[in-house]
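Worksheet: the structure to be examined is printed underneath.
The values are calculated or read from the model by the stated rules, or taken from the named source; none is laboratory data. Just so it is clear, the model here is predicted, and its values are computed rather than measured. When we count neighbours, we look across all protein chains shown, and the Cβ atoms used for this are built from the backbone with ideal geometry, even at glycine. Accessible surface areas use protein heavy atoms only, side chains included; no ligands, DNA or RNA. Shrake-Rupley method; radii C 1.70, N 1.55, O 1.52, S 1.80 Å.
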There are 4 protein chains.
Amino acid sequence: MAGNSFGKQFRITTWGESHGPAIGVVIDGCPAGVKISEEAIQAQLDRRRPGQSYISTKRSEPDRAEIMSGVYEGITTGAPIHILIKNRNADSKAYDNIINVFRPGHADYTYTRKYGHRDHRGGGRASARETACRVAGGAVAREFLSGKGIDVFAHVIQIADVHAKDFDRQVIEANDVRCADADAAKIMIDKILDARKNQDSVGGVIEIRAEGVPAGLGEPVFDKFNADLAHALMSVNAVKGVEIGAGFAVASRYGSENNDQMRIENGKPVFISNNSGGVDGGITNGNSIVARIAVKPTPSILKEQKTIDNDNKETTIKVEGRHDPCVLPRAVPVAEAMTLVTIADHLLRDRSAQA
Amino acid sequence: MAGNSFGKQFRITTWGESHGPAIGVVIDGCPAGVKISEEAIQAQLDRRRPGQSYISTKRSEPDRAEIMSGVYEGITTGAPIHILIKNRNADSKAYDNIINVFRPGHADYTYTRKYGHRDHRGGGRASARETACRVAGGAVAREFLSGKGIDVFAHVIQIADVHAKDFDRQVIEANDVRCADADAAKIMIDKILDARKNQDSVGGVIEIRAEGVPAGLGEPVFDKFNADLAHALMSVNAVKGVEIGAGFAVASRYGSENNDQMRIENGKPVFISNNSGGVDGGITNGNSIVARIAVKPTPSILKEQKTIDNDNKETTIKVEGRHDPCVLPRAVPVAEAMTLVTIADHLLRDRSAQA
Amino acid sequence: MAGNSFGKQFRITTWGESHGPAIGVVIDGCPAGVKISEEAIQAQLDRRRPGQSYISTKRSEPDRAEIMSGVYEGITTGAPIHILIKNRNADSKAYDNIINVFRPGHADYTYTRKYGHRDHRGGGRASARETACRVAGGAVAREFLSGKGIDVFAHVIQIADVHAKDFDRQVIEANDVRCADADAAKIMIDKILDARKNQDSVGGVIEIRAEGVPAGLGEPVFDKFNADLAHALMSVNAVKGVEIGAGFAVASRYGSENNDQMRIENGKPVFISNNSGGVDGGITNGNSIVARIAVKPTPSILKEQKTIDNDNKETTIKVEGRHDPCVLPRAVPVAEAMTLVTIADHLLRDRSAQA
Amino acid sequence: MAGNSFGKQFRITTWGESHGPAIGVVIDGCPAGVKISEEAIQAQLDRRRPGQSYISTKRSEPDRAEIMSGVYEGITTGAPIHILIKNRNADSKAYDNIINVFRPGHADYTYTRKYGHRDHRGGGRASARETACRVAGGAVAREFLSGKGIDVFAHVIQIADVHAKDFDRQVIEANDVRCADADAAKIMIDKILDARKNQDSVGGVIEIRAEGVPAGLGEPVFDKFNADLAHALMSVNAVKGVEIGAGFAVASRYGSENNDQMRIENGKPVFISNNSGGVDGGITNGNSIVARIAVKPTPSILKEQKTIDNDNKETTIKVEGRHDPCVLPRAVPVAEAMTLVTIADHLLRDRSAQA
């Protein structure tokens, strides 16, 4: 129990169901003295908001962030920051047919087995709507970290069998799929629209990068920076894989290829390569943090699927309602948020490293 | 700070350096009433022990487990279990040349940046020798879980570009590389020996499976079973990627391919496939748990590499000493241990799920 | 940082300032299947509510509890329960004169030293208004525990030099001071009114009792039941002492007087006395839990006091505004709440004691 | 479960039973760069050691501290510090008669109820022998804190009905009872010897003081400095009450008497009194920390007492073995240790207070 918090020094606790009156996040441990711009937080929520483009769900939620505590005269006080987001456009009737039927690939069956009693409406607590709270928490972390020169961003590098081949950061937010390769983005969008037309959905890969992270973050041996980051990212709905730096590619490499050798440049240590993804021995080395996550295709599809019901009877289901045929574009700010919280947490924890 | 523990209800805390007098683990939260066989714990340590085969390091450590508390008349009492493992065969002289020089791919540079003062001998706290403590902790979890019908094992499925194609569980412990495909194992061993001959090292992939895990384990939304497992596995030295079920393969799939549909068999719910790896919505679904980790090639290689020293001067290094040219065979019991601890922890946490 | 949570398995996290838009509590870890009556929660808040009698502050707050998550069709789902309480009657102008002046006995000076930036209005985060959230969290714990036959109540046993001599549980909620001795209650109330007339305030002692707590709760050696309870109670504003069972009286006793001897009654073990307050070796023994807390006189008094300001200049202050001349009557439900949360937490933790 | 750790950033985890091969403590989170003198740690253990004077138990234990990790060339590295203390003089036969009989005032009954299976020898895990580990952990905290100008000491202020009336710090360690009043000490010792002669034991009160603690330590609202300190001290065996500053005396005071007013002295803020014990609103205010604990008379007495056995049968018991007739003198360093760990932990946590 009590698994709704993440972080030790900088800690977010989220609450709320998809079709309840609201959802929210408590950010505990944000240091005092951080300027908080409500617009900056809203801007992040807008990136995750449903209904933002024609390839996302049509549920129309303004996702308005209300800061209810912890900020006085625009500056954090060290007290917990609570951000509330009201649910405005829930349509619970669309879920009446799944009161007793388990949707494949969803948490319906497992929540029932674990808790006995469950709120089925819109997926209840298991809904990806909860990730709006993560984005709000991450936005506060971002305000704190930007003051330290740390910059985190993510982008889609694969949808179905389409891979990004180019990288132009300016392009990421300029296309609906959040890909840094404008040409690939167009093909990716076609893949997504095709999937929707076929009553189906598609998966993909997101890459996360953090620049300006100082050397020294991460606590050996279990709270390694990469271990906490893997925890953070794997906790995001639909994520089935996490890799750091060269990731699974290390499997087929020799040590002499994979080690990041060092030299001095302008009097400062630099790494000649970045296969480590900015982490050696679980501690950041000053290089860019690079991670990637595999995101599964949305399990909610209109195609008929075999399943069972509460009474252990076989049945079939076509999942109706308003669903994204591909969750990756909206998962980009969520992946950033979890990375931001992880960095903020470790930045504070690292302050205890030396006497 | 304080990152040397893993688990909330079933918690392991490890201590010790590669070349100190000993290393050890405190297991806190193991329920009372579990029969502990010292032989069973030793058997697991023997699987991780250095010098066990001609493809592993020649450091000869008996790795004798001494249970010092928490067990009375062979049965756990609920008190913390401390297991001590003495270091017998440390050779610190071999490390004299790295007092001031950072080995590429190691934690030498990051520990220095974080802590200022470091024990360089054998890698100090960052040494993979620490994983012996994890294996001891996992062995206690195994004793607890085997009483619940839970069985965890791992095996090497890739070394360099060689992939296992067959699966015979009986074969795993019968070859030095711990591969379930006896034919592939031979080629893998050749790859490892070649690497050593070339003063180099190789990486690979390990798969972990857990059978008999009941539905319901995992705490939404941040302490999802897969999130904690990713944390656990990514904290193991040299791991650069973790995936659950279909893992990164989900990226190029359609939802209709990837969803695990259900039916009733002998009156019980079963999944027609297992792309989820036994976890839906962060909670185990009763299916086999399947995870895989990418393990990088050993960074300690004899080949000359560019690096820098404590005084920010460029230099080169050939890492001597007794190193495994491939750590995967010995990482198999470590991966199992982390999985066992994760399951034990969540089994206990799940006891609070219903009133 | 991150100190706004209490409990490990049953955990409350509170947020909010005295003069912000609202305050709230997230209850994480309440098992699924507990019936939650909104009226029962409101009834507890009403007991702590300001303005409830002529001896309490005149700030008029309805303290309406809004359950925003975690409860579906009146029953907990295992998801976090968020309860929001709006602030309606804040009067920030009364605090303008303390923007730069530190009130003696308050947190003004220490918050300024710790955080640099502070919300002075109504005491901000340090206001006892925060305890409404504890009462709401405790009310949920009460619903869970009443299903297990556990009953927790508290009462005032001392105000200034007036001690309760009689005990009639029925009388507690029938007088404004919440004393189980109706005659003493009258004298206590006179003491409080006298203090107010004299621009002063008074302190006292509250006793907390828990009946029906099973033997076995408490985790050695640091999370002893009494250690966690002391933590919980000492965290309540104005509490300066906590004792269990005979408490400080043990100092002048002999072991033969103080030990609780045992006998068998109706086939069951019973203790002949209860000097332990229901806890031996940090674990509940099945006897009634008995604890007492010393509560200091309200620091906000109209009498002139010496103090300093933000610029390290000496000054004097008369603390105006609407304050209780004695906080004990309203602290009774808070003390119960912290005890309820502690018991709920340990009841769940104890489920891991045996294999 | 998992209650054998204390502290969040500076955390001690203890293990071991009274009659096992050894006991120990893992100190996780001690910053790198602290000089550790093994003699300083031993000196603290010697103050707690059994057999140190004619009023303590005759069990003769050298309590030799072996630092096994985390310190390299006499300086901490940031890695966990493990200190092992071997048990040398256990006499388990003296406990044969309590295998099935519960000693009044001990944890025998409650451990049996909680765990089912227990190590009865010398009290097993519940033995006060465990506190040697706390002293070792506290000694490391002391080394860290003395570098910050923080000084912690404790002394006995009451034994039975004898109260210290004078205070001379030099005297504390010069008498066997550790009282700062040399005359009172003599009477206290007589009280203790009388109790032993009468096959009985006595209780008392210890005062703890910490000088040099900076303003700002403590995390609102649940991890207040005083709340964590109460937790720490109440977790010590035999402690039944904890108070801060004026403590229970506040109950009979007026606010105007109890508030600590402020003035400027030599340009710096000072408090005119210290009724708060150095803590306002849960945060240290720069004044001396003052706390007191009530310690019960040793439950192990030779006088015959009524009790029951494992089979729910009534019986009587005379507790033989080597016991202190009064535990306070040896509890003094334990109380200091818990205070030191609490301060170290909060000193590190406070580093996150401001951006």
- [ ] Answer yes or no: is there a residue in segment B:110-132 that is within 19 Å of the chain's Cα centre (by Cα), buried (at least 24 other Cβ atoms within 10 Å of the Cβ) and acidic (D, E).
- [x] yes
- [ ] Would you mention how many residues in segment D:92-124 are of a type in the set (F, W, Y) and either away from chain C (no Cβ under 11 Å) or not in a helix (DSSP H, G or I) (or both)?
- [x] 2
Task: Evaluation of D:G122 against (1) modelled with pLDDT of 95 or more; (2) over 18 Å from D:N4 (Cα atoms) (one fails), failing number - done: (1)
Open item on the list: Looking only at segment B:1-10, count every residue that is in contact with a helix residue (DSSP H, G or I) (Cβ under 7 Å, 6 or more places away or on another chain), within 11 Å of chain A (Cβ to nearest Cβ) and crowded, with 24+ Cβ neighbours inside 10 Å and tell me the total.
Closed with: 4
Task: Scope segment D:125-170; condition of a type in the set (D, E), more than 10 Å from every other protein chain (Cβ to nearest Cβ) and touching a residue at least 40 places away in the same chain (Cβ under 8 Å); matching residues - done: D:D151
TODO: Can you run down the residue pairs with Cβ atoms below 8 Å, 6 or more apart or on separate chains, where the first is in segment C:338-355 and more than 7 Å from chain B (Cβ to nearest Cβ) and the partner is of a type in the set (F, W, Y) and open to solvent by 10 Å² or more (accessible area, probe 1.4 Å)?
DONE: C:M338/C:F6; C:V341/C:F6
Task: strands (runs of 3 or more DSSP E) (entirely within segment D:271-355) containing at least 2 residues that are within 27 Å of C:P297 (Cα to Cα) and hydrophobic (A, V, I, L, M, F, W, C) - done: D:289-295
- [ ] Within segment D:135-156, work out how many residues are under 28 Å from D:A182 (Cβ atoms) and within 15 Å of the chain's Cα centre (by Cα).
- [x] 9
Open item on the list: Could you check segment A:56-90 and list, in sequence order, the residues that are under 16 Å from A:G16 (Cα atoms) and either at pLDDT below 85 or more than 24 Å from the chain's Cα centre (by Cα) (or both)?
Closed with: A:E61, A:N89, A:A90
Open item on the list: Here's a check for you: in segment B:16-34, which residue that is part of a loop (DSSP other than H, G, I, E, B) and in contact with a strand residue (DSSP E or B) (Cβ under 9 Å, 6 or more places away or on another chain) is surrounded by the most Cβ atoms within 10 Å (Cβ to Cβ)?
Closed with: B:C30
- [ ] Would you be able to say whether some residue in segment C:146-163 is part of a helix (DSSP H, G or I) and closer than 30 Å to C:E314 by Cα?
- [x] no
Open item on the list: Looking at segment A:227-239 only, could you name the residues that are at the interface with chain B (Cβ under 7 Å from one of its Cβ atoms), open to solvent by less than 10 Å² (accessible area, probe 1.4 Å) and of a type outside the set (S, T, Y)?
Closed with: A:A227, A:A230, A:M234
Open item on the list: For a quick check of your reading of the model, give me the residue pairs whose first member lies in segment B:248-276 and is open to solvent by 60 Å² or more (accessible area, probe 1.4 Å), whose second is in a helix (DSSP H, G or I), with beta-carbon atoms closer than 7 Å and at least 6 apart or on different chains.
Closed with: B:Y254/A:A195
Open item on the list: Taking the criterion of being polar (S, T, N, Q), open to solvent by less than 10 Å² (accessible area, probe 1.4 Å) and more than 24 Å from B:P220 (Cβ to Cβ), would at least one residue in segment A:329-350 satisfy it?
Closed with: no
Task: Extreme residue, modelled with the highest pLDDT, among residues of segment D:35-55 that are open to solvent by 10 Å² or more (accessible area, probe 1.4 Å) and part of a loop (DSSP other than H, G, I, E, B) - done: D:I36
Task: Filtered residues of segment C:209-221 (kept if at negative phi and crowded, with 23+ Cβ neighbours inside 10 Å) - done: C:A210, C:V213, C:L217, C:E219, C:P220, C:V221
Task: Per-region count, segment A:280-320, residues open to solvent by 30 Å² or more (accessible area, probe 1.4 Å) and under 20 Å from A:K197 (Cβ atoms) - done: 5
- [ ] Out of D:D96, D:D176, report the one residue that is free of Cβ contacts under 8 Å to residues at least 24 places away in the same chain and surrounded by fewer than 23 Cβ atoms within 10 Å (Cβ to Cβ).
- [x] D:D96
- [ ] Can you confirm whether segment C:243-253 contains a residue that is on the phi < 0 side of the Ramachandran plot, within 19 Å of the chain's Cα centre (by Cα) and facing chain D (nearest Cβ under 7 Å)?
- [x] yes
TODO: Determine which member of the set C:I308, C:I283 is of a type outside the set (G, A, S), at the interface with chain D (Cβ under 10 Å from one of its Cβ atoms) and more than 30 Å from B:D345 (Cα to Cα).
DONE: C:I308
- [ ] Restricting attention to segment B:190-207, report how many residues are surrounded by fewer than 24 Cβ atoms within 10 Å (Cβ to Cβ) and touching a Phe, Trp or Tyr at 6+ places or on another chain (Cβ under 9 Å).
- [x] 4
- [ ] Look at A:A232 and say whether it is closer than 29 Å to A:R129 by Cβ, in contact with a strand residue (DSSP E or B) (Cβ under 6 Å, 6 or more places away or on another chain) and in contact (Cβ under 8 Å) with a residue 60 or more places away in the chain.
- [x] no
TODO: Go through (1) farther than 29 Å from C:H231 by Cβ; (2) in contact with a Leu (Cβ under 9 Å, 6 or more places away or on another chain) one by one and return the number of the condition D:P31 breaks.
DONE: (1)
Open item on the list: It is to be established whether one or more residues within segment A:261-268 are assigned to a loop (DSSP other than H, G, I, E, B), on the phi > 0 side of the Ramachandran plot and polar (S, T, N, Q).
Closed with: yes
